[in-house]
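All remarks here apply to the structure that follows.
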Amino acid sequence: MSLTGSAAIDMEDAPYAPPAASFEKPPAPPRLQDAFYVVSPLKLCIMFLVTAGYYTVYWNYKNWRCYKNHHPDGQEWPPARAIFQIFFLHDLLREANEYADAQGRPLNWKSDTDAGIMIALIVAWGVVDRLWSRDIAASYTAPLWAILGLVLLVYYCKVQGQINRACGDPHGAGNARLTAANYVWIVICMLLWLGFVASLVLPPAAT
């Protein structure tokens, strides 16, 4: 009996044939969205510095947006909580601290203390910025503005480390690379910085 031609047995039609073994690696499960905004400290520092601190508005927005996604029935409106961050920073850090406890990742973190210090720094930085922009005691307000900004950045990095630990990504590896949008903002802000420096160095145009 020939096994060729129309009499050949097709293995796909054999009901008792064992399934063919697959050696393909199964796709990795999609990463669940974090309950808070995870970002690496280095990326946070870069974006904070090039945007002169305005990145913190986005930082607050992203944290509240992540929180809102995990609590869809809540009344929080992320844009407002980002703009008026000093009124909601206590709540944000407290929620992150409680989330860490609920996930079995206790931080032993005095979040209210850090929030209070950060709010004081934000208010002081804003006042000094206003004085400097009006050229009031610029020889003092300019360096004070820089010092307050750096101290505030240190606290943001400290808080970000706690948030990363709460979300199970201590180093923020899930959001460590600069994106195309980040590079666009970096270029825009660097051009603004160059214009600002030029206005300080170059003599005013004659009228």
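Read-outs throughout are calculated quantities, based only on the coordinates presented, and are distinct from any laboratory measurement. This one's a predicted model, so the numbers in the text were calculated from it and none came from an experiment. Counting neighbours? That spans all protein chains shown, and the Cβs are built from the backbone with ideal geometry, glycine included.
Among all lysine pairs in the stretch 21-176 that are eight or more places apart or on different chains, how many have alpha carbons less than 21 angstrom apart?
4
Taking neighbour Cβ counts within 10 Å as the exposure measure, how do Glu76, Glu98 sort from fewest upward?
So the residues, fewest neighbours to most, are Glu98, Glu76.
Determine, for Thr179, Thr141, the number of other Cβ atoms within 10 Å of each Cβ, and report the residues in order from fewest to most.
With the sparsest Cβ surroundings first, the list reads Thr179, Thr141.
Where the centre of each part is set by its Cα atoms, how far does the stretch 184-200 sit from the stretch 42-121, in angstrom?
28 Å
Between Lys110 and Ile188, what is the label-point separation in nm under the 7 Å Cα-to-beta-carbon projection?
It is 3.9 nm.
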